[in-house]
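Below is one structure, written out as structure tokens, with a few remarks after it.
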Amino acid sequence: MLRVGLRALFLVLVISTPAFSQLNIVGEWAGRYHEDQGDRVPGDVNGDFTGVPINEAGRRYAESWDVRRVNLLEHQCQPYNLAHIYRGPLQFRIWEEKHPATQEIIAYKIFIGTYMQSRTIWMDGRPHPPAHAPHTFMGFSTGKWNGDILTVRTTHIKKEFYRRSGIPSSDLTTVVEHYIRHGNLLSHVMIITDPVYLSEPYVNSQEFGLMDRGNQNWLYNCEYKMEVPMDQTKVPHFLPGANPVQDEWAKKFGLPLAGVWGGAESTYPEYMTKLAANTPATTLRSGPALPPRPNEVHTEVEAVHVQGNVYMLVGAGANIAVQIGDEGVLVVDTGVATMREKVLAAIRKLSTKPIRWMINTSADADHTSGNETVSQAGQTLNGNPADIIAHEGVLARMTELNRPITERPLNTYFEDGRDFSFNGEAIFLYHFDGHTNGDSIVYFRGSDVLVAGDIFLTTTFPVLDLPAGGSVDGLLAGLNKMLQITVPKWLQDGGTYVIPGHGRISDEADVVEFRDMVYIVRDRIQDMVKRGMTLEQVKAARPTLDYDGRYGVESATKFVETVYKLLSEKK
Amino acid sequence: MKLKLFVSVLAVALLAASQARAHHSFAATYLEDRTMQIEGKLVQFQFRNPHSFIHLEVKDEKGQVVRWSVEWGGAGQLGSQGVTNETLKYGDIVTIIGNPGRVAEDHRIRMTSLRRKSDNFGWGQRPGEVVN
């Protein structure tokens, strides 16, 4: 009888236990550094590019890297990104979040002691965010158990480095991790794919031991300050071929420079034969061509909440910003003509209050062709169609192009900026001659959202519309102003959000990378112009090489041509 | 016992390394095989992460005052060595020895030792007083 009872009890217990029983990885883990110690603990010296399958774009970026760039305020407190952080000394803590009713694991949470980074690995099957979502240094992760191996895939990672010697990792990086537990050891394998800077996946592994006494973490109360008096608008970098320290690593260990720079080929055992034969030359591969820029005109317009009162409308060409509140609706840019009714419908879904104000960041058709529809649907306090505000350069350009009067901004300004209050927050407009001579950036102070127009993009190189008065120096001035306005949250993710003219929601870290790129490319072309190079020679020298895989070769060509023209004329 | 001591030393070293490794590579910023000395008036003490900085007003050969930036350890690392945000004060006259920056015009130095004139307070002479 007792035996029957015990059996029944056992069955009840088994039945009531969830069917899943994954290996437990919860606990505090600390790195073991017997492998790659020199790289992982003391860190590297200049010119250590070994063991990473960089392509020629990665090499160019690393050649240009001047470590003094981290003295710029926006760079000082940036943490390592996911593709990098496990390579340093660190401890991390893993715990589970379980569904209260089913006890299924919804997510693993990880706190990484270095830089105090927090991760969530979603286990509930949710999809990754859309392309227009903001990126973070730790990215967005989903996981799945395959037997006793936890496999995690992470996207939406911010640009940073694979190594502090300047090997870049782009914001298009995908990281696949495998967590494999053996007793009190945890093996961590990373497979990093980066179409911009790697020619093949970068695979590395680390071992971690379970800690009996945890919480030996580094409290990263980073505070950016003017460490070294320097012009914060000047980006330290080396012109191609002018890096004075790039061969230090090779010299230190008596290695051929070609091998140190060798990329993927030099990471295979067969390369030893080449070394032995004293023929270490390698050919770095180009990154694969960037997929064509996604069509920005969708079948439907989607509204995405950015922060505070501000939303971004996606799918109608250039990005549109909508601010809503008690006083009504304000719309920044209105998209392409074919989507204007859908733009209006999307605005109406956000708020049925009257559309009072509109702002145009430039005169471009993909930003302003819904002007008439949205304006006519709105109403100022005086009963007129919604007022369209823009710099007077926009009105001049639209007049020149014979755009209908109902599309033109009649409420213009000519000074450096203007401000007004609407829906309980101050709104600032700043004018720059950047993409055109009528560009405005718009800052919503209460919501802490900055709308950049085409001064900042995440999809292509800047477009300098020369007939419309575009200027590379003006564009840089606009980007520097944006960096003055943006304030990141503690740990450098979020804070002020930026809606680019085209592309995904961004923050200061994204803007500073774009600013650095524009500054560096301009400097390179300036140097070539000074040396009397023709446009064809400049193009052949590929001054945008390290960014081509990120922003596309087609827009690179146009960017180089326009910058060359502007700088040649200045000469 | 020896093993325990070794393990503890290793743990401390790794923890310190984790703090030091962050931010940037010293080797890339400074000429680590050279040293120089400067003396001047302390005008700012940034006791902070990722690294602390001291700003000194130093007279050059022509008698012109030049602002020098002296890089020190992170607040956590220095704190474990007994340094606080009150250790140095505005107006202190200090002598710094350290590695010069690779770019001379930056007027920067990575501190290896410090001596304050008024009370002979020093850093960098005792074991463990290093920035790594």
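Coordinate-derived values only; no laboratory data. Small disclaimer: the values here were computed from a predicted structure and weren't measured. We place every Cβ from the backbone using ideal geometry, glycine too, and count neighbours over all the protein chains shown.
See the values below:
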| item | result |
| --- | --- |
| Residue mean of other protein chain beta carbons inside 10 Å, A:64-71 | 5 |
| Protection proxy ranking of A:449-459, B:115-125, A:228-238 - average other beta-carbon atoms within 10 Å, highest first | A:449-459, A:228-238, B:115-125 |
| Percentage relative contact order, segment B:25-123, counting C-alpha pairs under 8 Å, at least six apart | 30 percent |
| Under 19 Å from the Cα of B:K117 - lysines, other chains or at least 8 residues apart | B:K41, B:K59, B:K89 |
| Under 18 Å from A:K274, Cα to Cα: aspartates and glutamates that are on another chain or at least 8 residues apart | A:E265 |
| Angstrom value of the Kirkwood radius, inverse mean 1/r, which spans all Cα pairs in segment A:488-531 | 12.0 Å |
| Percent RCO, i.e. relative contact order, over chain A, from Cα pairs under 8 Å lying at least 6 residues apart | 13 percent |
| Overall dimensions of segment A:335-392 as given by Cα atoms, namely Rg and Dmax in Å | 11.0, 31 |
| Antiparallel %, DSSP beta bridges [both residues in the protein assembly as shown], to 5 | 85 percent |
| Over chain A: helical MRE at 222 nm, DSSP H runs n ≥ 4 each giving -39500 (n - 2.57), nearest 500 | -7500 deg cm²/dmol |
| Ranked by how many other beta carbons lie within 10 Å on average, peptides B:60-68, A:165-173 from highest | A:165-173, B:60-68 |
| Taking the convex hull of Cα positions in chain A, its mean projected area over all directions (nm²) | 33.0 nm² |
| Fraction in percent of alpha-carbon pairs per bin - 10 Å, segment B:25-123 | 16, 51, 30, 3 |
| A:Y179, A:Y33 arranged by Cβ crowding within 10 Å, fewest neighbours leading | A:Y33, A:Y179 |
| Reach of A:K252 by Cα under 19 Å, taken over aspartates and glutamates that are not fewer than 8 positions away in the same chain | A:D36, A:D39, A:D44, A:D48, A:E63, B:E32, B:D33 |
| Exceeding the 31 Å Cα-Cα cut-off - candidates A:K481/A:K530; A:K159/A:K481; A:K109/A:K158 | none |
| Magnitude of the charge dipole, segment A:297-570, Cβ model with Lys/Arg +1 and Asp/Glu -1, debye to 20 | 200 debye |
| Taking the convex hull of Cα positions in segment A:297-570, its mean projected area over all directions (nm²) | 14.3 nm² |
| Per-residue mean of C-beta atoms belonging to partner chains within 10 Å, peptide A:228-234 | 4 |
| Unit charges at the beta carbon, dipole of the protein assembly as shown: most positive-side option, A:V529, A:V472, A:M230 | A:M230 |
| Average partner coverage of A:318-324, which counts Cβ from other chains inside 10 Å | 0 |
